[in-house]
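Each remark here refers to the structure printed beneath this line.
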Amino acid sequence: MSRKGNPHYVICFGDSLQYQVVSAQFPFNASVKLHKIITPNKRTAVSGVHLFGLQLKCIDKNRKGRSRELKLHEELSKSTQIRRAKGLAKKEQIHFEDSIRNFYNPKDRVILKAIDFTVENKEYNVSFGEDDNVKKKQKLQSMAYVQDVENIPHDVYHHLAAMESKLP
């Protein structure tokens, strides 16, 4: 819009675009005026060039991120499923560490070792702390040896289950 040969930058807003902000100098000035109206308590601004280039239908609404609905577990890729499981476990670990202050003396050494949970019949076991590679290697060698020998008797299976809770 221009008046008397000088450009005027106008921003119309409102439900039916009944309000407007005008600047005779720069688009930035119009955007600053708009932000003062929309967000009076904030000291933020949007570049006028960006604001005019966006061609927004409703500028008067403060944009809040669209609440996205989470996808079902079965629709996710394997990496996303694992990432979510790790994220949940990490949040629970932080919650656990914050909660133990209310139940135990700070000198007590309380350690969260693992979290087990199931999502849509898929089991997750998240272990915390550092792995003991020597014990892990011994356990794997023992399991491989027993399985190579022949069918596993009932009592041997119970001994294996005592070492490794995730057996078929």
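For first residues located in the range 106-129 and free of Cβ contacts under 8 Å to residues at least 24 places away in the same chain, partners that are of a type in the set (Ser, Thr, Tyr) and lie 6+ apart or on another chain with Cβ distances below 8 Å form the pairs VAL110/TYR104; LYS113/SER127; ALA114/SER127; ASP116/TYR124; THR118/TYR124.
The residues on offer are LEU51, LEU56, LEU160, and the sole one that is modelled with pLDDT under 90 and part of a loop (DSSP other than H, G, I, E, B) is LEU56.
Each row is one residue, and each column tells you yes or no for (1) assigned to a loop (DSSP other than H, G, I, E, B); (2) outside the structural domain of ARG84 (by TED's automatic domain parsing); (3) surrounded by fewer than 11 Cβ atoms within 10 Å (Cβ to Cβ).
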{"residue": "PHE96", "(1), (2), (3)": "no, no, no"}
{"residue": "ILE100", "(1), (2), (3)": "no, no, no"}
{"residue": "LYS107", "(1), (2), (3)": "yes, no, yes"}
{"residue": "VAL110", "(1), (2), (3)": "yes, no, no"}
{"residue": "ILE115", "(1), (2), (3)": "no, no, no"}
{"residue": "THR118", "(1), (2), (3)": "no, no, yes"}
{"residue": "ASN125", "(1), (2), (3)": "no, no, no"}
{"residue": "LYS136", "(1), (2), (3)": "no, yes, yes"}
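The values are calculated or read from the model by the stated rules, or taken from the named source; none is laboratory data. Please read these numbers as outputs of a predicted model, since none were measured by experiment. All Cβ positions, glycine included, derive from the backbone under ideal geometry; neighbour counts span all protein chains shown.
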